[in-house]
Each structure stands twice: as C-alpha cells, then as structure tokens.
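Undergrad: After the structure tokens below, expect a handful of questions from me.
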Amino acid sequence: MSEIREANINKFPIGNKLMALFNQNSTLESFIKKDLSILDLGFYEPSNFIYLNYTYPISEYMGIDLKEEIIYIPRPDDIVIPEDLVPGTVEEKFPFNRYLVFHKYYGMGEPLNKNKFENTFKFIYIDALNYLTELPSHKKFSLIVIRDLLHLLDRRKATEILDKALQHIKTDGLIYLQFYIEEQYRSKKINPYSLEESESILMKFSKIHLKEISNGKMTILGEK
Ligand SMILES: C[S@@+](CC[C@H](N)C(=O)[O-])C[C@H]1O[C@@H](n2cnc3c(N)ncnc32)[C@H](O)[C@@H]1O
C-alpha cells in the first residue's frame, strides 16, 4: 500500500505544496493548526484536501464546482493508480464510500467515521459567483483556494469572484490562487492574465507568503 502512496504523492499538488509551506513557516502553521476551514472554488476533485487532512486536520471543507462530472485523463505517472480509485461519477467520488477507497490507498491511521466525514467535507454544485453572492457576510474561512479557475472565466466575473472571496477570509486568513499568465497558453478556454493584471491581483494582498511562476502559471499564497 505504501508503494502506491509514495508513487502517487505528486497527485496532490496543492496538498503537498501547502504542507511544505505550513511546515516551513511556524506563523502559518500555528494559524492553520488553530483552525483550518477551507473554501475551494472550482474544486474538481477533492483528494488534495482529504490528503492534507491527514497532516493538518480540517475543521470544514466546502468544495464548490459547476460540474458534477470528472473526466479522468490518465497521465504517464498514473500507471500505479488503483482501478477503484479512478474517478467515475460523482456518486462514487465524494461521499463517504469514495473516501474509504481513498483512505485504503493513501490514508494514515483510522479513517474518519461517516458522520465526521460528512460533517467536515461538503460539496456543492453551483456557480462560484452565485455561491459567494448568497454566502452570509459573517461566514468566513481560514483558507480560500481558487486554483486554475479564474483564467477560465470572463475577466469581470473572475474579478468579482476574487473580490467577493476576499470578503470571506478570516483575519490572518490565507488565499491560494493559481492562474495562467503566459500568452502561449491562450486558447478558446484559457484567457491568461497579463503582467499588469497579475500585479493588480498581488496588490490585493497585505502579505505574500508565496509567489511562484511555473508552467505558465502564477501561484500566490497571501493574506488579505
Ligand atoms: C481546471 S479545473 C481546476 C480544478 C482544481 N481547482 C485544481 O486546481 O485541480 C477548473 C474547475 O472549475 C470548475 N468551474 C468552471 N467554472 C466555474 C464556475 N463558474 N463556478 C464554479 N466552478 C467552475 C470546472 O467545472 C472545473 O472543475
């Protein structure tokens, strides 16, 4: 089992990255250890956060996505992915049974019981902007993740999503963003941010813990 776990560790890029950052930065670590409540806009597949939960227990995870369907495209490093972990339909993906399969291969210790899992991990299929518009103003999260979503949207809508999301971050809370910034990735679906636009996004943060450019994308972990 641990072989499968080790071989697939890079399948949890957000989880791994956040774990490394929390590990290196004792202020961040103590903040998220106090409370790790996550809003993940355009989550697609929640494994990252289920995985993170083994090291940094999550008090609440709210995944928001428009689509219920995962189209699984195997990658060259996926050879060892177990058959029963290949995502199919939403019914088997997120609820407790899917979590148990996940736990079988990647889990540490005892799995969460059904109640605990369902009280912690929640998934809603709705447009991210609609979700944020209806979210009561007092509802705050300690970490908001918007990874590979903004460049898929009309810019005005993307900005509205980001600005509304910022209103739902706790004091000292974090926002994790990733979006394309390089023109070569422009396509029918992808509308990369210009350098000026990315600068104006960076200005929205009071403190930046990570700013990285890789594979045409900018990744930021910052505080409001
Ligand atoms: C490229 S995937 C990124 C998935 C994940 N955040 C990650 O980084 O691996 C983009 C996801 O955003 C979802 N999405 C697109 N438009 C959306 C919207 N308006 N509201 C919520 N989710 C949306 C898509 O269904 C898709 O699952």
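Undergrad: Filter segment 101-129 down to the residues that are under 30 Å from H151 (Cβ atoms) and away from the ligand (no atom under 16 Å from the Cβ), then identify the one that is surrounded by the fewest Cβ atoms within 10 Å (Cβ to Cβ).
TA: T120
Undergrad: Can I ask one more? Of all residues in segment 54-65 being over 11 Å from the mean Cα position of the chain (by Cα) and either among the small types (G, A, S) or modelled with pLDDT under 90 (or both), which is nearest to P111 (Cα to Cα)?
TA: Y54
Undergrad: When only residues in segment 131-141 that are surrounded by 12 or more Cβ atoms within 10 Å (Cβ to Cβ), of a type outside the set (S, T, Y) and outside any loop (DSSP other than H, G, I, E, B) count, which is farthest from the ligand (Cβ to nearest atom)?
TA: In this case the residue turns out to be F141.
Undergrad: Taking the options T171, T133, name whichever one is farther than 23 Å from P13 by Cα, at pLDDT below 95 and touching a Lys or Arg at 6+ places or on another chain (Cβ under 9 Å).
TA: On the way: T133 fails: at pLDDT below 95.
That would be T171, the only listed residue that is farther than 23 Å from P13 by Cα, at pLDDT below 95 and touching a Lys or Arg at 6+ places or on another chain (Cβ under 9 Å).
Undergrad: Tell me, yes or no, whether segment 88-100 has at least one residue that is under 24 Å from I32 (Cα atoms), away from the ligand (no atom under 13 Å from the Cβ) and modelled with pLDDT of 55 or more.
TA: Among the residues of segment 88-100, at least one is under 24 Å from I32 (Cα atoms), away from the ligand (no atom under 13 Å from the Cβ) and modelled with pLDDT of 55 or more, which makes the answer yes.
Undergrad: Assuming V145 fulfils every condition listed in (1) over 16 Å from the mean Cα position of the chain (by Cα); (2) under 23 Å from D35 (Cβ atoms); (3) within 11 Å of the ligand (Cβ to nearest atom) apart from one, which condition is it?
TA: It fails just one condition, (1).
Undergrad: Shifting gears a bit: Which of the residues spanning segment 142-178 are of a type in the set (S, T, N, Q), without any contact (Cβ under 8 Å) to a residue 24 or more places away in the chain and either in contact with a helix residue (DSSP H, G or I) (Cβ under 8 Å, 6 or more places away or on another chain) or not in a helix (DSSP H, G or I) (or both)?
TA: T171
Undergrad: Among the residues of segment 12-53, write down those that are among the acidic types (D, E) and within 11 Å of the chain's Cα centre (by Cα). Give the derivation first.
TA: Narrowing segment 12-53 to residues among the acidic types (D, E): 29, 35, 40, 45.
D40, E45, listed by residue number.
Undergrad: In this structure, does L153 turn out to be hydrophobic (A, V, I, L, M, F, W, C), surrounded by 16 or more Cβ atoms within 10 Å (Cβ to Cβ) and either in contact with a Lys or Arg (Cβ under 9 Å, 6 or more places away or on another chain) or at pLDDT below 95 (or both)?
TA: Judged against the criteria, L153 is not a match.
The values are calculated or read from the model by the stated rules, or taken from the named source; none is laboratory data. All values reported here derive from a predicted model rather than from experimental measurement. Every residue, glycine as well, gets a Cβ built from its backbone with ideal geometry; the counts of neighbours run over all protein chains shown.
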